[in-house]
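Below is one structure, written out as structure tokens; the observations come after it.
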Amino acid sequence: MSYVEVRDICKKIGPEQVLDSVSFSVDSGEVACLEGENGSGKTMAMRVVCGLVRPDSGTVEVSGKRLWGEVSFPPSVGLLIETPALLDGYNALDNLSLLASIRGVASKDDLRRTIERVGLGPAGKKPVRKFSLGMRQRLGIAMAIMEAPELLVLDEPTNALDEDGAALLVRIIGEERERGAALLVSSHDASFIDAVATRVYHMAFGKVRNAEERGGRHE
Amino acid sequence: MSGRLVWLALRTARAVLWSSRRELAAVCVGGLVISGVLCLSLALRVQMAGVATPPGMGDFWVSVMAGISQPYPHGSQPTEMRPLNIPFGWLTVVLLPCVLSVTVAREDGYLDACLVAVGSRWSFWLGHVVAMVTECLLYWGAVMACCAVATALANGGLTLQASSWLPDLLPMERATLAEAPYDMGAGVALAVVTSLAICLGQLALSQVTGVRVAFLVAVALVTGSLFVMSSVLPGNLMMAARSTVFTVAYPVEMRDGMLLPGIEAGQALLPAAASCLLFSLLPLVVVLRRDYLGGSRS
């Protein structure tokens, strides 16, 4: 069985059918990409997988446990959905520490290493309000990977990243995949998807149109 | 509830408190400044009036919590018309904790990340309640500390008894039905518990309407109590917090024609505490099922 199993989920918000019988799966050590235009339902599907949104029908199982039944949220997940969730008045380490303090899994040294890993280094010492959009995105990625989760959910992770940042992200995704994490990534950037995906689900109008196996280069 | 859920709730509370510590500090400083000005005002009045006994902590507390006379006449034919004198100092001291509720409820992706990290909607909500209670107590602790410092500077006694001369000195009621000594213990408890009920109610409402609407509703409820006398309005309960001293010297005609002296602080404690409990537990019905949609739903 796959690490993430999504079967026939539907979600209606107001009059709009945001997800219509969506099914996909993500294995450990795999990068599954949701590809599609804006409004195709990628972000909503990711929110459902994270336990933030309850589907009207269908099931989501993560690590063999059913969300909204056996568990409320995936047991080990790192997420970056839409814009990074940051506290502007604090520096990079404080932002990571605050979130990490809830589970208490990652040590301060782990967090410092993660900040280095996403290429923030000394720049991470200034308050986040002085960060560029690209730096905020890097910190958002750090927040997702800091606890070495079994499931990584990254929504449009290349947003605001420059060429170096995008290349670094491809490398990080490769490393996380080799570590054995299951990755669910959404993007409308075809070259990025070519670089990282092992499987691609094409979405449109709240439906998965087709699925495609890929290699995932990890440059 | 298992120990792990409680542990996660406490961890959530710590994260919420830490993330809003600067706003908390700013609100506490605001409360200190305003209550400091109100305490100074009383000290000057005492000096000008040449009162023999120095003001105690109960006097300073009443001066901070002194709104308009309570109860204010309600109905189409009030027994006695009085000009509306909006107590800006009191209003600010009472409304500042509503800002804390906004910072605890926060509406951004940070909340989503926290929720998923906690992994339990129970713990997530209870953590927020614990954070809200802590912030509210810290705020009122700061206001009390200000009163204590003012008392120490005035060489007064650190008791919660208000002086017999106080009703004549504050510019609200020149006469009172109540007789000295005035024990403000129940009044202090009522003010804190009512403030907590307002904040928790606002936090609960923000789960349904969002933080902005919830904040406006809380402000409207408190401000409305300046115009309408009803124990449903929390602002009136706040004013009842010092009605031990200022029970008006004439009957006030209520909507149903009854003549009532006002709200008793001790009696008002029970509904205020019940409101706190209700607003702590009732939102679970929403929180356990609600969708966290963030900024978009693409």
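Going by what's in this entry, would B:Gly257 be described as modelled with pLDDT under 70 and of a type outside the set (Lys, Arg)?
yes
Within the bounds of the stretch A:197-215, is there any residue that is out of contact with any strand residue (DSSP E or B) (no Cβ under 7 Å at 6 or more places or on another chain) and open to solvent by less than 40 Å² (accessible area, probe 1.4 Å)?
no
Would you confirm, using the coordinates I've provided, whether A:Glu70 is open to solvent by 50 Å² or more (accessible area, probe 1.4 Å), within 14 Å of chain B (Cβ to nearest Cβ) and either touching a helix residue (DSSP H, G or I) at 6+ places or on another chain (Cβ under 9 Å) or free of Cβ contacts under 8 Å to residues at least 12 places away in the same chain (or both)?
Yes.
Which ranges mark the helices (runs of 4 or more DSSP H) fully within the stretch B:89-173 that have 2 or more residues being over 30 Å from B:Gln47 (Cβ atoms) and either open to solvent by 10 Å² or more (accessible area, probe 1.4 Å) or away from chain A (no Cβ under 14 Å) (or both)?
B:109-118, B:121-153
What number of residues in the stretch A:153-166 are within 12 Å of another protein chain (Cβ to nearest Cβ) and at negative phi?
2
Scan the stretch A:44-66 for residues that are open to solvent by 10 Å² or more (accessible area, probe 1.4 Å) and more than 11 Å from chain B (Cβ to nearest Cβ) and report the count.
Within the stretch A:44-66, residues that are open to solvent by 10 Å² or more (accessible area, probe 1.4 Å) and more than 11 Å from chain B (Cβ to nearest Cβ) number 8.
Has the stretch A:8-21 got at least one residue that is buried (at least 20 other Cβ atoms within 10 Å of the Cβ), more than 14 Å from every other protein chain (Cβ to nearest Cβ) and assigned to a strand (DSSP E or B)?
No, the stretch A:8-21 has no match at all.
Could you grab me the full set of residues in the stretch A:105-129 that are modelled with pLDDT under 90 and of a type in the set (Gly, Ala, Ser)?
A:Gly121, A:Ala123, A:Gly124
Exactly one of (1) modelled with pLDDT of 90 or more; (2) buried (at least 19 other Cβ atoms within 10 Å of the Cβ) is unmet by B:Ser19. Its number?
Every listed condition holds for B:Ser19 apart from (1).
Of all helices (runs of 4 or more DSSP H) completely enclosed by the stretch A:73-173, which ones contain at least 1 residues that are among the small types (Gly, Ala, Ser), open to solvent by less than 40 Å² (accessible area, probe 1.4 Å) and free of Cβ contacts under 8 Å to residues at least 40 places away in the same chain?
Result: A:92-103, A:133-145.
List, please: which pairs have Cβ atoms under 6 Å, are six or more places apart or on different chains, and start with a residue in the stretch B:13-42 that is under 21 Å from B:Ala66 (Cβ atoms) and more than 10 Å from chain A (Cβ to nearest Cβ) and end with one that is of a type in the set (Gly, Ala, Ser) and in a helix (DSSP H, G or I)?
B:Cys28/B:Ala142; B:Gly31/B:Ala142; B:Leu32/B:Ala142; B:Ile34/B:Gly89; B:Leu38/B:Ser63; B:Leu38/B:Gly89; B:Cys39/B:Ala150; B:Leu42/B:Ser63
Of all residues in the stretch A:25-40, count the ones that are modelled with pLDDT of 95 or more and open to solvent by less than 10 Å² (accessible area, probe 1.4 Å).
Number satisfying all stated conditions: 5.
Which one of these is surrounded by 19 or more Cβ atoms within 10 Å (Cβ to Cβ) and either away from chain A (no Cβ under 14 Å) or at pLDDT 80 or above (or both): B:Val248, B:Val232, B:Val228, B:Val219?
Result: B:Val248 is the single residue among B:Val248, B:Val232, B:Val228, B:Val219 that is surrounded by 19 or more Cβ atoms within 10 Å (Cβ to Cβ) and either away from chain A (no Cβ under 14 Å) or at pLDDT 80 or above (or both).
The values are calculated or read from the model by the stated rules, or taken from the named source; none is laboratory data. Quick caveat: nothing in here was measured; it's all calculated off a predicted structure. Heads up, the Cβs are rebuilt from the backbone with ideal geometry, glycines too, and the neighbour counts pull from every protein chain shown. Surface areas here come from the heavy atoms of the whole protein model, side chains and all, with no ligands, DNA or RNA. Shrake-Rupley method; radii C 1.70, N 1.55, O 1.52, S 1.80 Å.
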